[in-house]
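Peer 1: One structure follows; several queries about it will come next.
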Amino acid sequence: MIVPASAGCNSTEGGSDGGASSVGGAKGSGGSAGAACIPSGAAGGSGSIPPTFATVKLVLGGGGAIMPCASAPCHATGGMAPPANPLSLQDTPQLYATMTSYLAHECGDIKLVNPGKPDESALIKILKGPCGVVPRMPYMCSGDACIPDEYVAALSQWITNCAPEQ
C-alpha cells in the first residue's frame with residue numbers, strides 16, 4: 001500500500017524526460033488525429049486497485065519508501081525535472097490536462113498519458129523504466145522504492161479505459 005512519505009529526489013543525474021506540447025487528449029478523448037478514444041479492455045481491470053484518476057494522484061503522491069513525484073526539486077511547481085522543460089505533477093486543477101498533453105521528448109516523443117494506449121504512454125514506460133534516456137521513476141528507484149506492479153497495472157488499465165478524469 002502506498003502511504004505518505006517525505007523523501008526528496010535527485011534530478012541532477014540522468015536524462016530529462018520530456019517537454020511541453022499542446023497535443024490533445026484532455027478529458028480522456030485523445031488519440032491519433034483527434035479520433036475519440038474507445039476503451040480496449042475491461043472497465044474495472046483485474047486487480048483490487050481501482051483504475052481511476054484518484055489512483056493516479058495517489059501514486060504520484062508516493063508513500064513509505066516511495067518518493068512522491070511532486071516533491072521538490074523533482075516535479076513540484078517550480079521543480080527542475082526534466083531540466084529542459086519542467087513537468088509539474090502536483091495535485092492541482094491543471095494536473096489532468098498536463099498529464100494528457102505533455103510530450104516526453106526523452107522517452108520517444110510520446111505523450112505522458114495517451115488515452116486508450118498505455119503502451120504508447122510515457123507514464124507507464126517510465127514507471128517500468130527505463131525509457132530512452134529516462135531512468136526508471138521514481139528517480140533511479142529499485143525494489144520497494146519503486147511503484148508496486150499492481151499500481152502500475154491499475155494506471156495502465158486507467159489509460160486503457162481512455163484515462164477518464166472522474
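Peer 1: Only one of (1) touching a Cys at 6+ places or on another chain (Cβ under 8 Å); (2) not in a loop (DSSP other than H, G, I, E, B) fails for ILE124. Which number is that?
Peer 2: (1)
Peer 1: Mind checking which residues of region 141-166 are buried (at least 22 other Cβ atoms within 10 Å of the Cβ), assigned to a helix (DSSP H, G or I) and either of a type in the set (A, V, I, L, M) or at positive phi (or both)?
Peer 2: Passing the criteria: ALA154, LEU155, ILE159.
Peer 1: Kindly list, by first and then second residue, each pair from a residue in region 69-98 that is within 19 Å of VAL133 (Cα to Cα) and modelled with pLDDT of 85 or more to a residue that is not hydrophobic (A, V, I, L, M, F, W, C) and not in a loop (DSSP other than H, G, I, E, B), limited to pairs with Cβ atoms under 9 Å and residues at least 6 apart or on different chains.
Peer 2: These pairs meet every condition: PRO82/GLY19; PRO82/HIS105; PRO82/GLU106; LEU87/GLY19; LEU87/THR98.
Peer 1: Further, regarding this structure: Being out of contact with any Gly (no Cβ under 6 Å at 6 or more places or on another chain), crowded, with 22+ Cβ neighbours inside 10 Å and at pLDDT below 95 narrows it down to one of PRO138, PRO118, so name that one.
Peer 2: PRO138
Peer 1: Might you check whether a residue that is of a type outside the set (A, V, I, L, M, F, W, C) and within 29 Å of SER40 (Cβ to Cβ) occurs anywhere in region 64-77?
Peer 2: Yes, region 64-77 has at least one match.
Peer 1: Do the conditions hold for GLU106, that is, is it free of Cβ contacts under 8 Å to residues at least 12 places away in the same chain and touching a strand residue (DSSP E or B) at 6+ places or on another chain (Cβ under 6 Å)?
Peer 2: Details: free of Cβ contacts under 8 Å to residues at least 12 places away in the same chain: no; touching a strand residue (DSSP E or B) at 6+ places or on another chain (Cβ under 6 Å): yes.
In short, no.
The values are calculated or read from the model by the stated rules, or taken from the named source; none is laboratory data. These numbers were taken from a predicted model, which means no experiment stands behind them. Backbone-built Cβ (ideal geometry, glycine too); neighbour counts: all protein chains shown.
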